[in-house]
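Asks: Got a structure for you, questions after.
The values are calculated or read from the model by the stated rules, or taken from the named source; none is laboratory data. Here the structure is a predicted model, which is why all the values come from computation and not from measurement. Please note: Cβ atoms are built from the backbone with ideal geometry, for glycine as well, and neighbour counts cover all protein chains shown.
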Amino acid sequence: MKIHFEWTIQAMELLEKLREPFDKTTQAWARFSSANGDHCYFSDVTDKVSLLALQSLKRSFQRLEDLQQDLTALGRSCEKCHTIVSSVHFSKVSHLTRSPVNSLLAARQ
């Protein structure tokens, strides 16, 4: 049980470290591609190579946004797992402290 708990904590920490750069990157893209964003500087671009590069850039950022959503979902999954493992662990500890032997020992004191 302890191994699962530790693994879950490590996974949550790793996901948080991964999510931060994704958040910053997708926020930068959102600013760039917004109505008044810097993409407006490229509105007069007409050559095919440049247009293809801009489309490729857009697809790359859309993929990053998809990956960011995957990381968020994994984070929620880890949080649920952490809650379950914590409650099972607490339940076992609570059960042990309420065992008949412990009750007898507590009564003697």
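Conditions (1) touching a Pro at 6+ places or on another chain (Cβ under 7 Å); (2) farther than 30 Å from Leu14 by Cα; (3) of a type outside the set (Asp, Glu), marked per residue:
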{"site": "Arg31", "(1), (2), (3)": "no, no, yes"}
{"site": "Asp38", "(1), (2), (3)": "no, yes, no"}
{"site": "Phe42", "(1), (2), (3)": "no, yes, yes"}
{"site": "Asp47", "(1), (2), (3)": "no, yes, no"}
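Asks: Now for a different question. Take the conditions at pLDDT below 75, part of a helix (DSSP H, G or I) and loosely packed, with under 12 Cβ neighbours inside 10 Å and apply them to Ala73. Does it pass?
Replies: No, not satisfied.
Asks: Return the pairs, sorted by first residue and then second, in which the second residue is part of a helix (DSSP H, G or I) and of a type in the set (D, E, K, R), the first residue lies in region 48-69 and is in contact (Cβ under 8 Å) with a residue 24 or more places away in the chain and within 17 Å of Asp38 (Cβ to Cβ), the beta carbons are less than 7 Å apart, and the residues are 6+ apart or on different chains.
Replies: So the pair list comes out empty.
Asks: Here are Phe42, Phe22: which of them is closer than 22 Å to Leu71 by Cα, in contact (Cβ under 8 Å) with a residue 12 or more places away in the chain and aromatic (Phe, Trp, Tyr)?
Replies: Matching residue, one of Phe42, Phe22: Phe22.
Asks: Of all residues in region 1-26, count the ones that are touching a Leu at 6+ places or on another chain (Cβ under 7 Å) and aliphatic (A, V, I, L, M).
Replies: Step one: list which residues in region 1-26 are touching a Leu at 6+ places or on another chain (Cβ under 7 Å), which gives 15, 18-19, 22, 25-26.
Now narrow it down to the ones that are aliphatic (A, V, I, L, M): 15, 18.
Matching residues across region 1-26 total 2.
Asks: Here's another thing I want to ask about it. Restricting to region 24-41, what's the tally of residues that are surrounded by 12 or more Cβ atoms within 10 Å (Cβ to Cβ) and in contact with a helix residue (DSSP H, G or I) (Cβ under 7 Å, 6 or more places away or on another chain)?
Replies: 7
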